[in-house]
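Enquirer: Would you mind keeping the following structure in view while I ask a few things?
The values are calculated or read from the model by the stated rules, or taken from the named source; none is laboratory data. All values derive from a computational prediction rather than experimental measurement. Every residue, glycine as well, gets a Cβ built from its backbone with ideal geometry; the counts of neighbours run over all protein chains shown.
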Amino acid sequence: MTSTAHDTPRKARRPRAPGRGVPLALLAPALLGLAFLLVPLLALVVRAPWSDLPEQLTSPAVWDALRLSLVCATTATALSLVVGVPLAWLLARTDFPGRSLVRALVTLPLVLPPVVGGVALLLALGRNGIVGQWLDEWFGITLPFTTAGVVLAETFVALPFLVISVEGTLRAADPRFEEAAATLGASRFTAFRRVTLPLIAPGVAAGAVLAWARALGEFGATITFAGNFPGRTQTMPLAVYLALQNDPAAAIALSLVLLAVSVAVLAGLRDRWTRAV
Amino acid sequence: MTAHPAPQGLDAHLVVERGSFRLDVELTAAPGDVVALLGPNGAGKTTALRALAGLSPLTGGHLRLDGTDLARTPPESRPVGVVFQDYLLFPHLTALDNVAFGPHCQGAGRSEARRQAAVWLERMGLAEHLGAKPKRLSGGQAQRVALARALATDPRLLLLDEPLAALDARTRLEVRAQLRRHLADFEAVAVLVTHDPLDAMVLADRLVVVEHGRVVQEGAPADIARHPRTEYIAQLVGLNLYRGRADGHTVRLDAGPEVSTTEDLSGPAFVAFPPGAVTLYRDRPTGSSARNLWRCEVAGLESHGDQIRVELTGELPLAADLTAVAVAELGLHPGAPVWAAVKATQTHAYPA
């Protein structure tokens with residue numbers, strides 16, 4: 001990646017002290033770690049069936065999976081924003097009994113294996129789930145094995161990333177701005193909407209990107225809760241996994257597409273990121 | 001207290017208990033009054049201000065403004081405007097929208113709120129900076145935007161928390177004069193919090209000195225400057241202050257020695273004299289007319305404006321202001337023994 005012209009002067013260049021090299025005990029493992037991260041990506045690029053690639057990528061199956069992935073990840077991110085930002089505010093700005101427990105529960109899906117999340121979603125929102133049976137009975141809504149199910153599975157996994165990120169930004173933001181707004185006659189909601197939200201916008205954007213990336217790559221919860229139906233619930237990661245069984249070349253091609261999307265997102269938001277942190 | 005609460009203006013008894021700290025301050029003011037809460041850091045001034053604004057709950061006492069009980073009213077419903085110490089201008093809004101925020105919250109339409117805000121900013125001499133974001137404003141400009149923002153809600157009580165503390169010395173002089181003018185124009189009650197005696201004396205009609213959460217002295221600035229009643233106030237106004245018992249023209253100090261004064265008093269009394277009234281000698285003066293003469297030792301020297309302040313210990317701990325030349329001629333250094341003299345006409349005694 002080339003660095004853009006305007007961000008170079010911002011970086012303070014510290015002159016290195018003479019004769020103070022990097023100790024080998026740190027350098028060797030550091031380089032090993034770097035290689036470990038880069039070599040697989042390199043392998044993906046080296047072994048890609050470049051000659052077949054145009055043909056592979058123009059197949060409607062690939063486009064279906066990619067479109068479904070983008071639509072579901074974006075919807076899941078939007079859903080996460082709608083419920084996640086208020087949840088983060090509640091955790092950061094109010095004091096209620098059991099707040100630390102709630103906070104721990106919110107972060108649980110971060111460490112929970114996604115497959116377990118998928119099973120849990122089935123038990124909650126499945127046709128016989130504790131909530132799902134009523135949805136089915138009263139509204140005729142069935143969520144498992146539908147595109148909506150994909151969105152829910154991705155939201156379940158992505159939401160904690162957003163909440164944690166936004167809560168951190170809120171805690172760092174000066175709460176006295178909300179007090180100043182209150183002395184000017186703003187209710188707490190008005191203060192949040194007109195003062196706090198604009199102030200934490202960079203943090204919200206960073207959280208949304210994290211959540212979106214997590215949703216885009218979601219596999220375990222999706223395949224468990226929504227299944228693997230091409231065009232309906234088969235997102236890119238699912239398509240990659242399936243293709244690897246019988247058409248490795250297609251799997252590599254699909255992986256390359258996901259890699260390209262990831263790099264594009266990272267490049268597009270790099271400036272925004274660095275400003276947000 | 002037998003005084004009846006004024007129907008107009010501020011009538012407050014602020015009690016806030018937090019851990020081991022207890023604030024217990026009575027505060028009354030008529031419309032048009034500017035009251036300064038003066039006190040050292042940690043005295044509870046800011047706590048009192050937050051209680052008035054509704055940002056910290058009262059644990060006792062009462063709070064009435066123009067006869068209305070506000071003790072349980074949330075901050076957004078109080079007719080109170082606040083200028084915060086570091087202004088807290090909303091960084092994402094222009095000066096105009098910062099000032100329009102209040103009127104808009106109070107129900108004015110967006111364009112009406114902006115029109116009112118523009119009028120306020122023009123009154124503050126900021127007509128050219130309506131579209132500027134706070135970070136593009138100088139300290140003095142930001143202070144005026146903060147004042148305009150607080151006044152734009154048409155408050156019945158204006159609170160200013162260390163309004164000049166964030167400014168450098170030069171800007172401060174200028175802004176202090178402007179602020180004085182705006183406060184004089186303000187027809188409701190203004191309460192300002194400061195630890196700077198000069199700000200307090202220039203801006204306020206009345207000082208309320210708070211120490212350890214309690215009012216220790218209250219009155220007109222000139223009166224407090226002349227008759228300090230605590231060590232803290234004496235230091236603020238630059239006086240040596242002692243407590244003792246007067247008998248005629250002599251006050252026997254609790255610290256030991258006697259001081260001759262021109263006033264004729266009896267009973268508990270304070271004696272005060274400025275550090276500039278102290279004369280120092282290396283040897284016991286013989287021809288001096290000063291009746292007040294004490295044997296002291298130099299504890300420390302520091303520059304104080306164009307003078308040097310000499311801290312003395314010994315028979316009577318005191319501060320003396322000398323010129324640099326005098327310090328050099330006397331060869332003063334920490335530990336040097338000196339005689340300190342003060343003329344009776346330079347001292348001031350008043351009942352404690």
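Enquirer: Can you confirm whether the range B:222-233 contains a residue that is under 15 Å from the mean Cα position of the chain (by Cα), assigned to a strand (DSSP E or B) and within 27 Å of B:Arg22 (Cβ to Cβ)?
Expert: Looking through the range B:222-233, none of the residues is under 15 Å from the mean Cα position of the chain (by Cα), assigned to a strand (DSSP E or B) and within 27 Å of B:Arg22 (Cβ to Cβ).
Enquirer: May I ask you to list the residues in the range A:161-194 that are surrounded by fewer than 18 Cβ atoms within 10 Å (Cβ to Cβ), more than 10 Å from every other protein chain (Cβ to nearest Cβ) and not basic (Lys, Arg)?
Expert: Of everything in the range A:161-194, those that are surrounded by fewer than 18 Cβ atoms within 10 Å (Cβ to Cβ), more than 10 Å from every other protein chain (Cβ to nearest Cβ) and not basic (Lys, Arg) turn out to be A:Gly168, A:Ala172, A:Ala173, A:Pro175, A:Phe189.
Enquirer: Now, a different point. Please go through the range B:33-69 and pick out each residue that is among the hydroxyl-bearing types (Ser, Thr, Tyr), over 15 Å from B:Glu162 (Cβ atoms) and outside any strand (DSSP E or B). Working first, answer last.
Expert: Filtering the range B:33-69 for residues among the hydroxyl-bearing types (Ser, Thr, Tyr) gives B:46-47, B:56, B:59, B:68.
Narrowing the set further to residues that are over 15 Å from B:Glu162 (Cβ atoms) leaves B:56, B:59, B:68.
Within the range B:33-69, B:Ser56, B:Thr59 meet the criteria.
Enquirer: What is the one condition in (1) touching an Asp or Glu at 6+ places or on another chain (Cβ under 7 Å); (2) within 14 Å of another protein chain (Cβ to nearest Cβ); (3) small (Gly, Ala, Ser) that B:Gly140 does not satisfy?
Expert: (2)
Enquirer: Among (1) touching a strand residue (DSSP E or B) at 6+ places or on another chain (Cβ under 7 Å); (2) assigned to a loop (DSSP other than H, G, I, E, B), where does B:Gly256 come up short?
Expert: Of (1) touching a strand residue (DSSP E or B) at 6+ places or on another chain (Cβ under 7 Å); (2) assigned to a loop (DSSP other than H, G, I, E, B), only one is false for B:Gly256: (1).
Enquirer: Can you confirm whether B:Phe90 is within 13 Å of chain A (Cβ to nearest Cβ) and not in a loop (DSSP other than H, G, I, E, B)?
Expert: Taking the combined requirement at face value, the residue does not satisfy it.
Enquirer: What number of residues in the range B:101-128 are more than 10 Å from chain A (Cβ to nearest Cβ) and not in a loop (DSSP other than H, G, I, E, B)?
Expert: 16
Enquirer: For B:Asp223, indicate whether it is in the same structural domain as B:His212 (by TED's automatic domain parsing), surrounded by fewer than 22 Cβ atoms within 10 Å (Cβ to Cβ), over 24 Å from B:Val310 (Cα atoms) and at pLDDT below 90.
Expert: When the stated conditions are applied, B:Asp223 passes them.
Enquirer: Among the residues of the range B:41-59 satisfying the criterion of being at negative phi, surrounded by fewer than 16 Cβ atoms within 10 Å (Cβ to Cβ) and more than 14 Å from chain A (Cβ to nearest Cβ), which is farthest from the chain's Cα centre (by Cα)?
Expert: B:Thr59
Enquirer: Taking the criterion of being within 30 Å of A:Arg176 (Cβ to Cβ), at pLDDT 90 or above and more than 17 Å from the chain's Cα centre (by Cα), would at least one residue in the range A:71-86 satisfy it?
Expert: The answer is yes; a qualifying residue exists.
Enquirer: Please tell me if B:Leu147 is outside the structural domain of B:Arg78 (by TED's automatic domain parsing), assigned to a helix (DSSP H, G or I), touching a His at 6+ places or on another chain (Cβ under 8 Å) and touching a residue at least 24 places away in the same chain (Cβ under 8 Å).
Expert: On the way: outside the structural domain of B:Arg78 (by TED's automatic domain parsing): no; assigned to a helix (DSSP H, G or I): yes; touching a His at 6+ places or on another chain (Cβ under 8 Å): yes; touching a residue at least 24 places away in the same chain (Cβ under 8 Å): yes.
Spelling it out, it is not the case that B:Leu147 is outside the structural domain of B:Arg78 (by TED's automatic domain parsing), assigned to a helix (DSSP H, G or I), touching a His at 6+ places or on another chain (Cβ under 8 Å) and touching a residue at least 24 places away in the same chain (Cβ under 8 Å).
Enquirer: Sticking with this one: Looking only at the range B:148-164, count how many residues are under 15 Å from B:Val34 (Cα atoms) and either within 13 Å of chain A (Cβ to nearest Cβ) or surrounded by fewer than 24 Cβ atoms within 10 Å (Cβ to Cβ) (or both).
Expert: 9
Enquirer: Could you tell me how many of the residues in the range A:195-204 are away from every other protein chain (no Cβ under 11 Å) and at pLDDT 90 or above?
Expert: Matching residues across the range A:195-204 total 1.
Enquirer: Need pairs with beta-carbon distance below 7 Å; first residue of a type in the set (Asp, Glu) and within the range B:221-243, second buried (at least 19 other Cβ atoms within 10 Å of the Cβ); sequence gap 6+ or separate chains.
Expert: Cβ pairs passing all conditions: B:Glu231/B:Leu241.
Enquirer: Is it the case, given these coordinates, that B:Ala255 is touching a residue at least 40 places away in the same chain (Cβ under 8 Å) and loosely packed, with under 15 Cβ neighbours inside 10 Å? Spell out the reasoning first.
Expert: Values: touching a residue at least 40 places away in the same chain (Cβ under 8 Å): yes; loosely packed, with under 15 Cβ neighbours inside 10 Å: yes.
Taking the combined requirement at face value, the residue satisfies it.
Enquirer: So which residues in the range B:63-84 are at the interface with chain A (Cβ under 10 Å from one of its Cβ atoms) and touching a residue at least 24 places away in the same chain (Cβ under 8 Å)?
Expert: Within the range B:63-84, B:Glu76, B:Arg78, B:Pro79, B:Val80, B:Gly81, B:Val82, B:Val83, B:Phe84 qualify.
Enquirer: So for the range B:23-32 (the condition being polar (S, T, N, Q) and either within 14 Å of chain A (Cβ to nearest Cβ) or in a loop (DSSP other than H, G, I, E, B) (or both)), does at least one residue qualify?
Expert: Within the range B:23-32, not a single residue is polar (S, T, N, Q) and either within 14 Å of chain A (Cβ to nearest Cβ) or in a loop (DSSP other than H, G, I, E, B) (or both).
Enquirer: Related question: If you take the residues of the range B:74-117 that are assigned by TED's automatic domain parsing to the domain that holds B:Leu183 and small (Gly, Ala, Ser), which of them is surrounded by the most Cβ atoms within 10 Å (Cβ to Cβ)?
Expert: Ranking the qualifying residues of the range B:74-117, first place goes to B:Gly81.
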